[in-house]
Amino acid sequence: MVEELKILTGYCGRYNYASVKEYVSLGGYQGLKKALAMKPEDVINEVIVSNLMGRGGAAYPTGEKWDMISRIDNDPKYIVCNADEGEPGTFKDKKLIYNDPMKIIEGMTIAAYAISSKKGYIYIRGEYREGYYRLKEAIRSAKAAGYLGVSILGTTLDFDIEVVSGAGAYVCGENSALCESIEGKSGRPRLKPPYIKNVGIYGQPTLVNNVETFSCIPYIIEKGGKNYASIGTESSAGTKLVSVSGNVKNPGVFEIPFGVTLREIVYGLAGGVEDGNVLKFVQMGGASGACFTDSDLDTPLDYKALRSKRISIGSGAIVVADQTNCAVDYALMTMEFFLHESCGKCTPCREGNAQLCRILKNLVLGTANEKQVRHLENISQLMMKASSCGLGKAAPTAVLTLYSNFKEEFLEHVEGYCRTGSCNISRKKAVV
Amino acid sequence: MVERYKLEEIVEINGTTEDKLLTTLLEVQSASELNYISQEDAEFIAEKFGIPLNRIYEVISFYSMLSMKPRGKHIIEVCKSSACHVRKGKNLLKMLEDILGIKAGEATSDNNFYIEEVNCFGACDKAPAIKIGNDIYGNLDRKKLTEIINRYWEA
Ligand SMILES: Cc1cc2nc3c(=O)[nH]c(=O)nc-3n(C[C@H](O)[C@H](O)[C@H](O)COP(=O)(O)O)c2cc1C
Ligand code: SF4
Ligand code: FES
C-alpha cells in the first residue's frame, strides 16, 4: 500500500502554530539560517535546481519566476502568498495555514532575501477567518523572536508580512485580481501585459506564489535543490498535497511523492468508494478541472503524464463521484459556480457561462433539444479561446470532459430520462 | 447599525490603509446584529478610510460574503459545491429549510436564522457541510442538524 511522504506536512499538528520556539525545536528556520549565509543568486539557483513548480494551479517553474523578478531593478518589490484557495474541493493550503504557518512565513522570508523585498502580504480567503487570526499571531511571534522585522537574525535583511483578508470571490485567486483586491478594490483581473512581476501591487514588481509553494522552500534550501529534485519523478519534482473528497471512505489531505498513481490515491489513501458504490468519474483540480473515468486512474500523479491525457493537476483537488450522480447535473452545478464567480468584465465568459447554464438547466428539466446539446461544445470552445483570464478559459472544462465521457447520458436527458434519477428529472422515465 | 465605540475599536485595531478595507467590512458586518453593513456604518468606514462611499458600495456588492441587506442573527451557510453536491448536499438544504420553515435567501420571522447557499468553504472532507458564523459542521444527517440548530436557538 502506498504511503505518505511528509517532508512538507511533517510538523503539522506537532507544534503550537504561534510558537517560534517549538517550531525551531522541531528543526524549523534551518532553511532561512542557511539562506542568509548564501548569496541571493545562489538561493534562487537552489530553487531552480529543485525543479519546483508552482502549486497554485498553473505549475509555473518557481525558480525561474524568482530569477526574473530578482533582475527587475525597481523598488519596492512585493511578495504575495496566495492563500485564496477557492477551487471547490481544495483544502490543502488550509492544512498548512492552520497547522504550520511558521513554514509559510519562513518560505516567504527566504524569498524576500532572494529577490530583495521588504514587504510581503498573505492574502487569505475570507472564509478562513480562523486562519487569518492564526497567521497574524504567528507573524507577531516571529517578529518578537527576530525572524521578521528589521535586521532579521542580525543581518541586513528587513522584511515584514501583513495578512490581508478576502471576502468571498473566487476570481481574486487570479494574481492580478489578487493585487486589485489587496488594494481594497473589487477583484477584477487586469489586462495583461504588463505582468504582475513587473507591475503588481501599487504598480510595483510583485512575486505571487501559492501557500504550498512557499512552504516547500525551507526544505529545498536546507537539504538542497538536488535532494528535492530526486524525490518524485523526472518531470515532477518533490511531493504534492492532494485534497481528496466526495464519495470516498476516507477523505482528507495527503502528501505523496509524484509518481504515485491516481488509483493508489483514491483506493489506497482515500479508502475507495463509500457504501459499496462504483466510481463514475473523478474531477481533478477543482471546478476548473477535467472529469475522467476509471480508465485514466492508472496514470501517475505527474505533470507530464497527466497532460498527455489532457488532465491538469490544478490545485490538487480530487473529487470522486459515484454512480448515483448525474453527469449533467454535476456539469450544471459546476457551471453555476462559474456563472456566479465570473467578474463579468468580458463577454465570452459572462455570456458563455450563462448560455451553458441555460442549456444544462434545460437538460435536467427535460426540455432541451439535441441542437442545444451540440451548442455546448461550440460555446465551450469559444470561451476557451476568447476569454480574457484563466477563469473563463477553464470554466467549460468540466462540461466538455463530462460530455465526451457521458454523451449517451446527456442525450438521454433530451429524451426526458435520467438513468440515475438524481437530477431535476428525478424520475427514470421510459424512453419514448 | 453597529455601536460607535465598536466601530472605533475595529478601525483602531486594523488601521485604515486600503489593504485593511475588506477585513474591516467583514468585522463590522459580523459585529452588526443582522450580519450586514448599514448605510451609517458604510459612511463611517468611507470617512475613516478617506475613500468615496460609492466605492465602498461597489466593493460590498462585488464580494459575496458582504451584504448591504439585513440578513439574520445566525447565517447558516450551506455548501453547494462539488464534494458536498455528490454527498447529497441538496437533501441537507431541504432538511434545513424544512426544520426552519424558510427557503435559502430568507430569514426566520424572529430573524434568528438566515439560510444562504454558498460555494466551497474548504470543509470538503466533512461533506455535506454547513457553516454557522465561523463554526463548521459536517457529515450531517437530520438528527445532527436538528441538534445543532437547537443549540443556536438557545444561544
Ligand atoms: C480564476 C483563477 C483562480 C485562481 N485561484 C488561485 C488560488 O486560489 N490559489 C492560488 O495559489 N492560485 C490561484 N490561481 C493561480 C494564480 O493566478 C497564480 O498563478 C498562482 O498563485 C501563482 O503561484 P504558484 O506559481 O506558486 O502556483 C488562480 C488562477 C485563476 C485564473
Ligand atoms: S474571463 Fe471571466 S472572470 Fe476573467 S476577466 Fe473575463 S469575465 Fe472576468
Ligand atoms: S465542496 Fe463543500 S465545503 Fe468544499
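The values are calculated or read from the model by the stated rules, or taken from the named source; none is laboratory data. Not measured: the values here are computed from a predicted model. So basically every Cβ, Gly included, is an ideal-geometry build from the backbone, and we count neighbours across all protein chains shown. What goes into the accessible areas is simple: the full protein's heavy atoms, side chains included, and nothing from ligands, DNA or RNA. Shrake-Rupley method; radii C 1.70, N 1.55, O 1.52, S 1.80 Å.
Assorted remarks:
- For segment B:54-72 and segment A:395-428, distance of Cα centres in Å: 36 Å
- Of the chymotrypsin sites (Phe, Trp or Tyr not before Pro) in segment A:110-208, the ones in a loop by DSSP (not H, G, I, E or B) with at most 15 other beta carbons within 10 Å are A:Tyr195.
- Only DSSP H runs of four or more residues enter the estimate; each adds -39500 (n - 2.57), and after division by the residues of the protein assembly as shown the mean residue ellipticity at 222 nm equals -12500 deg cm²/dmol.
- Residue with peak Gaussian network fluctuation, chain A [Cα springs, cutoff 10 Å], from A:Pro218, A:Pro88, A:Pro101: A:Pro88
- Taking 0.36 nm per residue of separation and subtracting the Cα-Cα distance, full extension of the segment from A:Arg374 to A:Lys226 would add 48.3 nm.
- By accessible area with a 1.4 Å probe, ligands and nucleic acids excluded, highest first: order of B:Lys90, B:Lys20: B:Lys90, B:Lys20
- The listed residues B:Lys48, A:Lys280 rank as B:Lys48, A:Lys280 when sorted by accessible area, largest first, using a 1.4 Å probe.
- In this structure, B:Ala104 and B:Glu12 have a Cβ-Cβ separation that, at R0 = 35 Å, corresponds to a calculated FRET efficiency of about 0.45.
- Loop-located trypsin sites (Lys or Arg not before Pro) across segment A:369-406 with a Cβ neighbour count of 15 or fewer within 10 Å are lacking, with loop assigned by DSSP.
- The protein assembly as shown: antiparallel DSSP beta bridges as a percent of all, rounded to 5: 50 percent
- Residues whose amide H comes within less than 5 Å of that of A:Gly316, counting only those at least five positions distant or on another chain, are A:Gly285 (H built at 1.01 Å from N in the peptide plane).
- Per-residue SASA entry for B:Ile75, accessible area with 1.4 Å probe, Å² rounded to 10: 20 Å²
- When A:Met53, A:Met1, A:Met108 are compared by accessible surface with a 1.4 Å probe, the order from highest to lowest is A:Met1, A:Met53, A:Met108.
- Spin-label model, B:Gln39 to A:Asp298: label points 7 Å out along the Cα-to-beta-carbon direction sit 6.8 nm apart.
- Highest mean packing comes first when the peptides A:408-414, A:332-338 are listed by Cβ atoms within 10 Å, giving A:332-338, A:408-414.
- Membrane-span-like helices in chain A, defined purely by DSSP H runs whose alpha carbon atoms cover 15 Å or more axially and whose average Kyte-Doolittle hydropathy reaches -1.0, are A:40-50, A:101-115, A:211-223, A:327-341, A:347-365, A:370-386.
- Which of B:Val86, B:Ile130, B:Thr23, positive extreme of dipole for segment B:14-155 (C-beta unit charges): B:Val86
- Computed from Cα atoms, the angle from the helix B:89-100 axis to the main principal axis of chain B rounds to 80 degrees.
- 20 Å cut-off, amide nitrogen to a point 7 angstrom out along B:Met95 Cα→Cβ, residues in segment B:42-85: B:75-85
- In segment B:1-103, GluC sites (Glu not before Pro) in a DSSP loop with at most 14 other beta-carbon atoms within 10 Å: B:Glu3, B:Glu33
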